[in-house]
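**Student:** This is the structure I want to talk about, given as structure tokens.
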Amino acid sequence: MADKLLKVQPIRNGTVIDHLRAGTGLKILDILDVADTGNTVSLLINVPSSKQGRKDIIKIEDRELTESETERIALISPGAHVNIIRNYSVAEKTAVEIPEEVAGVARCPNTNCISNNERGATSRLLLRSREPVHLACAYCARLVTEDELQFL
Amino acid sequence: MPRPLAKGMSKDLITMDDLSDDDIVGLLDDAARLVPVAHGDVHLPLLEGKLLGNMFFEPSTRTRMSFETAMKRLGGNVINLGALASSSVSKGETLYDTMRMVDGYCDLAVLRHPRQGAAQYAADACTIPIVNAGDGAGHHPTQTLLDLFTIREELGKLEGLTVGLLGDLRYGRTVHSLAAALARYDATMHFIAPKSLAMPRRVTAELPDGWSAHTTLDEILPELDLLYVTRIQKERFPDPEDYARVAGAYTISAETLRDAKPVLRILHPLPRVNEIATDVDDTGHAAYFRQAFNGVPVRMALLEMLLGSD
């Protein structure tokens, strides 16, 4: 009986976000806003990993992520893998990467920036460095560090 | 579709970083050739039939008037946004919508706006060239160009000068851009300001070695080829007495300049309040009124570069 008890059971359809940096899982759940959607969500924290030492894993049943959600994950945990599961099999597997431009995902921290003061404006952050994560506002050029990211 | 440009420059001028060293030299050379046209001594209608949109969402005297003068001296015409209270901006129109409208009316727009990044935002919305004439605490590249032009006209060169920047170095976008531009020409720079208004670290971090900070002018005045003075604004000081003390300590008079080199030139972006006494106007050091005039040929050269046909 004990052998058959899995920590988390495989899911039939949905998304598995694997290889998250240990400690980032809770933050990612927060920005994905999955609590109220009715989907079953599992979060594993500090799972032993041969590559990473420790990692976090998130499983969301019956939901596939949007591009904007994948970009958010990339900003918090670059290198994480997003696996789309269909009928218990991995249908798609993507290593998330921060794109050269992230639009409408996080705001510029400069309160006087046009992107924070114009109705209908879309924030645009341009990738300056992947390690550490540095972006710059496409409008006012303000540099944005990982700690300063405020998601929209 | 963005229209093709005469000299390979990007279609907009948002920051000085949009200009290569060659672009800057080309603009300053063109400006020098256009001085007689700026004075009205030579008629040269290079931009006849072209229309400039002056979009000033904040007050401006020199910048707005010199763009208008430059355009008209080159045979072009100008339309103005006018007073904000009477425009559709007061009805809540977005900058995006206003600029899309102007995009259809004009061949080029000059924008001043209180928000940082507004010029790039407008440039993204428009197909016509956008010239940034000040975006909040951001950039004002044509001021930097006319400062460089004035320095070259007054001192005969840009390279290797010893320059003092004095006044409000913390909030003044003019001095931030100028320091970055002078660094291209191996200037030795002295930043003279009260501690509370010192040059910000984010600006000095981008400069090569060759700058130093001071709280008084006396010790370095005799070394200077150029002194760039800016206004210390009263609203930066919560206590009016602090303001009076600081502003008084950074006032330049003919007496202050006794130990200066004869070639020293004083620049100021204007308007001045009392940081340069009027008795300096009659000395050989005063170059600020010529500097204000230079806004016209420099902006003519830029307009010609962005709108000219060859």
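The values are calculated or read from the model by the stated rules, or taken from the named source; none is laboratory data. Because the structure is predicted, anything quoted here is derived from the model rather than measured. Every residue, glycine among them, receives a Cβ derived from its backbone with ideal geometry; neighbour counts consider all protein chains shown.
**Student:** For the list (1) of a type outside the set (F, W, Y); (2) over 20 Å from the mean Cα position of the chain (by Cα); (3) modelled with pLDDT under 95, I need the number of the one condition that B:P222 fails.
**Tutor:** It is condition (3) that B:P222 fails.
**Student:** Regarding A:R142, is this residue crowded, with 19+ Cβ neighbours inside 10 Å, at pLDDT below 95 and not aliphatic (A, V, I, L, M)? Let's see the steps before the verdict.
**Tutor:** Working: crowded, with 19+ Cβ neighbours inside 10 Å: yes; at pLDDT below 95: yes; not aliphatic (A, V, I, L, M): yes.
Yes; evaluated as a whole, the condition is true for this residue.
**Student:** Just checking, how many residues over region B:23-61 are out of contact with any helix residue (DSSP H, G or I) (no Cβ under 6 Å at 6 or more places or on another chain) and part of a helix (DSSP H, G or I)?
**Tutor:** Selection size over region B:23-61: 9.
**Student:** Could I ask something else about it? Please give the number of the condition B:L182 fails out of (1) more than 16 Å from B:G160 (Cα to Cα); (2) surrounded by 23 or more Cβ atoms within 10 Å (Cβ to Cβ).
**Tutor:** All conditions are met except number (1).
**Student:** Go through region B:121-142 and count every residue that is crowded, with 24+ Cβ neighbours inside 10 Å and at the interface with another protein chain (Cβ under 10 Å from one of its Cβ atoms).
**Tutor:** Qualifying residue count, region B:121-142: 6.
**Student:** Within region A:88-125, can you find the residues that are within 14 Å of another protein chain (Cβ to nearest Cβ) and not in a loop (DSSP other than H, G, I, E, B)?
**Tutor:** Selection gives A:E101, A:A103, A:R107, A:C113, A:I114, A:S115, A:N116, A:R124, A:L125.
**Student:** If you don't mind, another one. Is it the case, given these coordinates, that A:E146 is closer than 26 Å to B:Q120 by Cα and more than 14 Å from chain B (Cβ to nearest Cβ)?
**Tutor:** Details: closer than 26 Å to B:Q120 by Cα: yes; more than 14 Å from chain B (Cβ to nearest Cβ): yes.
Answer is yes for this residue.
**Student:** Taking A:V96 as the residue in question, decide whether it is touching a Lys or Arg at 6+ places or on another chain (Cβ under 8 Å) and surrounded by 19 or more Cβ atoms within 10 Å (Cβ to Cβ).
**Tutor:** Values: touching a Lys or Arg at 6+ places or on another chain (Cβ under 8 Å): no; surrounded by 19 or more Cβ atoms within 10 Å (Cβ to Cβ): yes.
No, not satisfied.
**Student:** While we're looking at this one, here's another question. Please work out which residue is farthest from A:E92 (Cα to Cα), limiting yourself to region A:14-41 and to residues that are among the hydrophobic types (A, V, I, L, M, F, W, C) and assigned to a strand (DSSP E or B). Walk me through how you get there before you give the answer.
**Tutor:** Step one: list which residues in region A:14-41 are among the hydrophobic types (A, V, I, L, M, F, W, C), which gives A:16-17, A:20, A:22, A:26, A:28-29, A:31-32, A:34-35, A:41.
Among the residues that remain, those that are also assigned to a strand (DSSP E or B) are: A:16-17, A:20, A:41.
Working: A:V16: 10, A:I17: 12, A:L20: 17, A:V41: 19 Å.
Of everything passing the filter in region A:14-41, A:V41 is farthest from A:E92 (Cα to Cα).
**Student:** If I filter region A:126-139 down to residues being among the small types (G, A, S) and surrounded by fewer than 20 Cβ atoms within 10 Å (Cβ to Cβ), which single residue comes out as farthest from the other protein chains (Cβ to nearest Cβ)? Walk me through it before giving the result.
**Tutor:** First, pick out the residues of region A:126-139 that are among the small types (G, A, S): A:129, A:136, A:138.
Next cut, surrounded by fewer than 20 Cβ atoms within 10 Å (Cβ to Cβ) only: A:129, A:136.
Values: A:S129: 16, A:A136: 11 Å.
Selected residue: A:S129.
**Student:** Sort through A:T70, A:T66 and tell me the only one that's loosely packed, with under 12 Cβ neighbours inside 10 Å, in the same structural domain as A:T15 (by TED's automatic domain parsing), closer than 27 Å to A:Y139 by Cβ and not aromatic (F, W, Y).
**Tutor:** Values: A:T70 fails: loosely packed, with under 12 Cβ neighbours inside 10 Å.
Being loosely packed, with under 12 Cβ neighbours inside 10 Å, in the same structural domain as A:T15 (by TED's automatic domain parsing), closer than 27 Å to A:Y139 by Cβ and not aromatic (F, W, Y) holds for just one of A:T70, A:T66, which is A:T66.
**Student:** Residues of region B:28-80 being buried (at least 18 other Cβ atoms within 10 Å of the Cβ) and free of Cβ contacts under 8 Å to residues at least 24 places away in the same chain, which ones?
**Tutor:** Passing the criteria: only B:E68.
**Student:** Write out, first by first residue and then by second, each pair whose Cβ atoms fall under 6 Å of each other, whose residues are 6+ apart or on separate chains, and whose first residue, in region B:253-270, is surrounded by fewer than 21 Cβ atoms within 10 Å (Cβ to Cβ) while the second is aliphatic (A, V, I, L, M) and in a loop (DSSP other than H, G, I, E, B).
**Tutor:** B:S253/B:A277
**Student:** Checking B:H268 against (1) at pLDDT below 95; (2) touching a helix residue (DSSP H, G or I) at 6+ places or on another chain (Cβ under 6 Å); (3) closer than 17 Å to B:F191 by Cβ, which single condition isn't satisfied?
**Tutor:** All conditions are met except number (1).
**Student:** Which numbered condition in (1) closer than 23 Å to B:A119 by Cβ; (2) more than 12 Å from chain B (Cβ to nearest Cβ) is the only one that A:L75 fails?
**Tutor:** (1)
**Student:** Now for a separate question. Taking the criterion of being crowded, with 23+ Cβ neighbours inside 10 Å, within 14 Å of chain A (Cβ to nearest Cβ) and over 17 Å from the mean Cα position of the chain (by Cα), would at least one residue in region B:102-115 satisfy it?
**Tutor:** yes
**Student:** Go through (1) within 13 Å of chain B (Cβ to nearest Cβ); (2) in contact with a strand residue (DSSP E or B) (Cβ under 7 Å, 6 or more places away or on another chain); (3) aliphatic (A, V, I, L, M) one by one and return the number of the condition A:I85 breaks.
**Tutor:** Only one criterion in (1) within 13 Å of chain B (Cβ to nearest Cβ); (2) in contact with a strand residue (DSSP E or B) (Cβ under 7 Å, 6 or more places away or on another chain); (3) aliphatic (A, V, I, L, M) is unmet by A:I85, namely (1).
**Student:** Just name the residue that is modelled with the highest pLDDT out of those in region B:81-100 that are away from chain A (no Cβ under 14 Å) and surrounded by 14 or more Cβ atoms within 10 Å (Cβ to Cβ). Break it down into steps so the answer makes sense when it comes.
**Tutor:** Applying the first criterion (away from chain A (no Cβ under 14 Å)) to region B:81-100 yields B:81-87, B:90.
Still in the list and also surrounded by 14 or more Cβ atoms within 10 Å (Cβ to Cβ): B:81, B:87.
Numbers: B:L81: 87, B:S87: 74.
This residue is B:L81.
**Student:** Another one. Of the conditions (1) outside any helix (DSSP H, G or I); (2) in contact with a helix residue (DSSP H, G or I) (Cβ under 6 Å, 6 or more places away or on another chain), B:R112 satisfies every one except a single condition; which number is it?
**Tutor:** (2)
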